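Every read-out reported here was derived from the displayed coordinates using simple, explicitly stated rules and does not represent laboratory data. In this text, all values refer to a predicted model and were calculated from it rather than measured experimentally. FYI the Cβ positions are ideal-geometry reconstructions off the backbone, even for glycines, and counts take in every protein chain you see.
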Amino acid sequence: MKHLARSAAAALAAAAVIALATGCSGSTDTGAGTPAVSVSPVAMPAPRSAPSPAASLAQPAAAGEVRVEQGPFNDRVKLTGLVLTGKKTVTGRVAITSDVSDTLALEVDAAYYDGAGRLVGTGKFEYQEEGEDAKGSEHHDGPRAAGPDGIAFTVTPGALSGTAVSVVLSIPVLVSE
């Protein structure tokens with residue numbers, strides 16, 4: 001019985017090798033004298049998402065400290081007035097310094113850390129200047145992000161698993177016209 005199973009496996013492997021060697025991709029002849037057009041799938045890059053915050057900080061931050069994580073948009077924005085309040089919200093202003101066009105979307109993520117530098121929660125501020133895609137409080141007709149004043153933002157954490165004493169901000173989304 002083992003001999004029969006080995007023979008079947010060997011035959012199947014040989015058939016696979018022959019199929020690969022002969023180009024088993026199907027016939028290109030439609031039978032009407034014209035070859036069929038071969039369509040290759042187009043490889044699209046997978047959508048990128050913001051990286052997860054670090055589980056712990058290599059160097060714990062001082063109480064009340066707000067750091068800005070290095071990211072792809074840091075050279076295009078200026079963050080000012082960053083404060084971690086007693087209610088664990090982060091406030092500040094973000095101004096777009098590289099574009100004069102309107103900002104269509106902006107996201108500011110906050111990772112909250114305890115005194116030992118361990119991640120205890122996250123929060124997010126989302127901004128959409130105008131358009132029908134904006135939902136409820138995400139729609140802003142007020143101050144523009146472009147220009148010296150920028151826009152005020154507040155990030156409130158979700159549920160915290162400990163006492164947050166510091167925050168690291170990142171900007172994973174910045175879209176302008």
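Could you sort the peptides 70-82, 114-126 by per-residue average Cβ neighbour count (10 Å cutoff), highest mean leading?
Ranking the peptides 70-82, 114-126 by packing returns 114-126, 70-82.
What is the extension gain from Glu126 to Val173, computed as 0.36 nm multiplied by their sequence separation minus the C-alpha to C-alpha distance, in nm to one decimal?
Value of the extension gain: 16.0 nm.
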